[in-house]
Every structure is written in structure tokens, then in C-alpha cells.
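Let me begin by presenting the structure, written as C-alpha cells, before commenting on it.
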Amino acid sequence: MSSDTASGRRLTDPLGLARRHDWEEPAAEGPGDTPSSRWALARLVAVVVAILGAAYAVGVGETVVLVACLVACIVAHELGHFITAKSARMKVTEFFVGFGPRLWSVRRGETEYGVKALPLGGYCRIIGMNNLEEVDAADEPRTYRQKPVWRRLSVAVAGSVMHFLIAFVVLFAMFAFTGDVSGYLPTPPDNPITAIYGLQRGPSPAQDAGFHLGDRIEAINGQHFPTFTAMQQYIQVRPDQRLAVLVDRHGHLLTLHPRTVNLEQVGVKGLGPSAVTAHKPTGFIGFSLSPVVHSSLGASVVHAAGDWAHISGATLAAFGRLVTLHGIQSYFHMLASAKAAANPGPHSVRFESPVGIVVLLHRAAGAGLAWVLYLLAAINLSLGIFNMIPLLPLDGGHVVIALYEGVRSRRGRPYHADVAKLMPVFYLAIGLIAFIGLSALFIDLRQLAT
């Protein structure tokens, strides 16, 4: 490479962000497993165990474990790139968990594996990701840029595919083992009663009639219902009426006779005003059912696929709303107003910072395993979709470049795009990602402080 060309590239890419997959120190040369590396690994394991022990001692152990699971999901993203790059015989020089100072590493063949100090994900360094990176002539045939289009596409999409696979497996586990709590499946009318409410002035019909926690509703006035929602609607259009409710109590059937009250005229203890306010005559008994819906193993596969598509569609719609004029105005309003951020509108969208995600994981841990699984699935789908946005440095940017190069290439004459021309867009994308991350962190820290 001529000095003029190198100088021109430095001017085009002044920070050098496009010339490396990561922008940290190069891989260390030397032997693989050594006494010093084994001692460093032992120290690292001891520190991790100490942190985990301290976390459980102060009551946040489950949250720390969930954060570690999320980091593992992000590392799995890079593992997808690693596996597909290795299968394409690309040269992978580094595979690290975390960023920043190196805590431990070991070399196996041409690749250095290790752990760095900031557990914010990981990275996999594949040489020659674009035409700006200088590579030894002997390694040029093994660069990313010299491989066929389909190989480059497989590497570029592999990270998001890993997120999508993780999300599907986690959703399957939720449906099959813990039950759906997300509302994707309608609540059956015979789910057990988990709450009985009282009125602000006296007992509710459920208390008067003798409903118990764990009771299962079989029928009302001899009528069976396909869902709890359908049963609610039946009750709501019958204010001030005496009903015959067939109940299964621990395997024994009995009939209870509550007289519904009118929600226009009474208040309910334990529920917010918005949950019980009625603007027309509305029947009310005063119980709620478990929202958990269990599925067989076979049905869980189908439900997982359906909920996977449902969450993906909702995520795409949220991203779409974020880039509209209303979405941008709403986001800046949340930045300016703590109240707006704490009580966002139904169409308001914002990103969660690592702090916000930790808070969500902590709340999910307190709510139960089902909510943890659902949240992990939603996070993985969001990460997978976000990485497919067609902008460098995201994976979607590499997909677009590979497709463009495939269209421009001719048999025997491969075409390589000049990434230098994309540098303004690249730096704009970097700035946008930095703004999103910092602003999301600001909102989350402000909410914690208030």
C-alpha cells in the first residue's frame, strides 16, 4: 500500500474506527497456557465467586446472576460470528468477553481467548472486515472481505440469529415449564382464584358469597366460557343481579350465589381508581384469577413461535414509532421531564440503558421465573433486531455492503465497496448510538435518584 493511500485513509477515517473490529490493544503474542495465565484465571474465578457471594449476602444475588445471563447472551452473539467465520476459514485473532483492560487470556492456535474488565458484552476480531484495514499479504486470502458474499452474509447475520434462537428457546421454556404470564395466551376461566377484593365500604360479593383462594370457576348460571375475559364481560353486563357460580374447590363442586354490585356506585379496596372506574352500570363480584397459562410440550413449540413473532412485530413497531416526528418529540420530552419519563404515554418509546435493564431484571427476579424468561426473550429479540439496522458499525450495515458488493460483482471480477465513502454515515451512526446510550443512562439514573 502506498503512503499516499494510507494517508488518505487516515484523513477519511481520522479516529481509525473502521479499520478494526474493536479498537483496543492488539492480541498479545506468546505461548498459550502458562503458569501466569492459570494463576490469572484462578484470581478471576475467585473474584467472581466473591462478587456473587457478596451479592447474595446483600439480597441481590439473583439479579447479579440474571445480569451474567444477559452478558452470556451478548457473548453468544459474538460466538455466532466466531463459529461462522471459523467455518468460512476466516482468520479470527481475538475472542474476548468484556472490554477494557485484559484480566486473563490464553492463546489457542491463531486466536487469543480471554476476559476483560468491563463485562458489557464481548467481541470477536475477524481480520479484513473492510477495505480500510491493513492486513499482511499472506493473510489476505483469509480476510472477511475476500470471502464469497454468502459467507460474509452468514457471518454478518450470525450474531442476530443467535439472539433470535435464544429468544425462541427461552419462550419455549416459559410456555412449557413456568407458564405464560405475558398475556399472549388468554387466561382460562378455570384458573385458580389468586385474589379476593373488598369494597371500601363493606365486604364484596365474593367475600359475602364465600369464595376462597384457589377456587376454580366452572360455570356461571350454567354457562361455560372460553376465556376469563369472556366470563368478565358476562359479569359486567349484569350489575345488581344474583348469579349461580359453580366452583371447583379442591376437587369438590359447589354452587355459590353472589349478588353483583355496580362499579359506578362503589369503590374497591386494593385496586387503583383507573382499574375499577366505570362510566356505565358495570357488574362486579371481586376476585381475580392467576394469569399463568400452562401448555403441553408440543403446544409450547407453537406458542413460542407465535409469541416470538408477536414480540418481534411489537419491537419493530416500537422502533418505527421512535423515528417518527412524534416519537422524537416524545423522546426529548422524556429527556426534559422526569414526570414524562416516569409516566410515558401509550405510544412513547425509549431505549433502556444498562442501568435500566438491571432494574428491569431485578423486578423480574422478584416477580418469578416466568417473568425473567419473558424479559430475557424480549431483550434478545430487541438486540437481534437492533443489530440488523442497516448502518455501520451494526451488523446490518455489513449485510447491506455484502449485498451491494454481490450485485456489483461479475463472474471472475469481484467488486469491493470503498468503505471510506461511507465514513460520514459511519460517524453519524456512532454519534447517534452514543447519544441514545448516554441519554437513556441519564433518564434511568434520574429515575433512580427521584
Arranged by the count of other C-beta atoms within 10 angstrom, fewest first, what order do 260, 111, 229 take? 229, 111, 260
Answer rounded, prolate or oblate for region 79-181, using the Cα gyration tensor with square roots of eigenvalues a ≥ b ≥ c: rounded when a/c is under 1.5, else prolate when a/b is larger than b/c, else oblate. oblate
Cβ-Cβ cut-off under 15 Å around residue 342, Lys and Arg +1, Asp and Glu -1: the net charge is +2
What angle do you read, to the nearest 10 degrees and between 0 and 90, between the alpha-carbon axis of helix 297-322 and the longest principal axis of the chain? 70 degrees
Skipping prolines and chain starts, which residues have an amide H placed within reach, meaning under 5 Å, of the one on residue 98, given they are 5 or more residues away or on another chain? 116, 120, 121, 122, 123
Among residues other than residue 244 whose Cβ falls under 15 Å from its Cβ, what is the net charge (Lys/Arg +1, Asp/Glu -1)? -1
Angle between the Cα long axis of helix 395-408 and the longest principal axis of the chain, 0 to 90 degrees, nearest 10? 60 degrees
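Taking only C-alpha pairs under 8 Å that are 6+ residues apart, what is the relative contact order of region 303-361 in percent?
Relative contact order comes out at 30 percent.
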Helix 369-387 vs. the chain, principal-axis angle (Cα, 0 to 90°, nearest 10): 40 degrees
Putting +1 on Lys and Arg Cβ atoms and -1 on Asp and Glu Cβ atoms, find which of 314, 262, 338 reaches farthest to the positive end of the dipole of region 221-338. 262
Provide, as a two-decimal number, the C-alpha radius of gyration of region 193-289 over 2.2 N^0.38 Å, N being how many residues it has. 1.01
Using amide H atoms built in the peptide plane, which far-off residues or other-chain residues are under 5 Å from residue 218 H to H? 246, 247, 248
If we count every other residue with Cβ under 13 angstrom of residue 188's Cβ, Lys/Arg +1 and Asp/Glu -1, where does the sum land? -3
Okay, helix-only estimate at 222 nm for the chain: each DSSP H run of n ≥ 4 adds -39500 (n - 2.57), divide by all residues, round to 500 deg cm²/dmol; what do you get? -16000 deg cm²/dmol
In Å³ and rounded to a whole number, note down the convex hull volume per residue for the Cα atoms of region 126-197. 161 Å³
With charges only on Cβ, +1 for K and R and -1 for D and E, what is the dipole size of region 193-289 about its Cα centre, in debye, rounded to 20? 140 debye
Order of 398, 250 - criterion: other Cβ atoms within 10 Å of each residue's Cβ, fewest first: 250, 398
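Taking 60 Å as R0, compute the FRET efficiency from the Cβ-Cβ separation of residue 325 and residue 262 and round it to 0.05. Kindly include the intermediate steps, with their values, before the conclusion.
Numbers: r = 44 Å, r/R0 = 0.73.
The formula returns an efficiency of 0.85 here.
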Average Cα contact separation per residue, the chain, under 8 Å, 6 or more apart, as relative contact order %: 16 percent
Divide the volume of the convex hull of the Cα atoms of the chain by its number of residues and quote the answer in cubic angstrom per residue. 208 Å³
Sort 259, 411, 216 by Cβ crowding within 10 Å, fewest neighbours at the top. 411, 259, 216
What's the Cα-based Rg to Rh of region 278-332, Rh via Kirkwood? 1.23
Once amide H atoms are built 1.01 Å from N in the peptide plane, which residues 5 or more positions from residue 289, or in another chain, come under 5 Å H to H? 194
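Looking at the chain, what % of its DSSP beta bridges pair antiparallel, to the nearest 5? Before the final figure, lay out the partial values.
Working: 33 of 37 bridges.
Counting DSSP beta bridges with both partners in the chain, the antiparallel share is about 90 percent.
Rule-based calculations on the coordinates, nothing more; no lab input. Not measured: the values here are computed from a predicted model. Glycine gets a Cβ as well: all are built from the backbone with ideal geometry, and neighbour counts include every protein chain shown.
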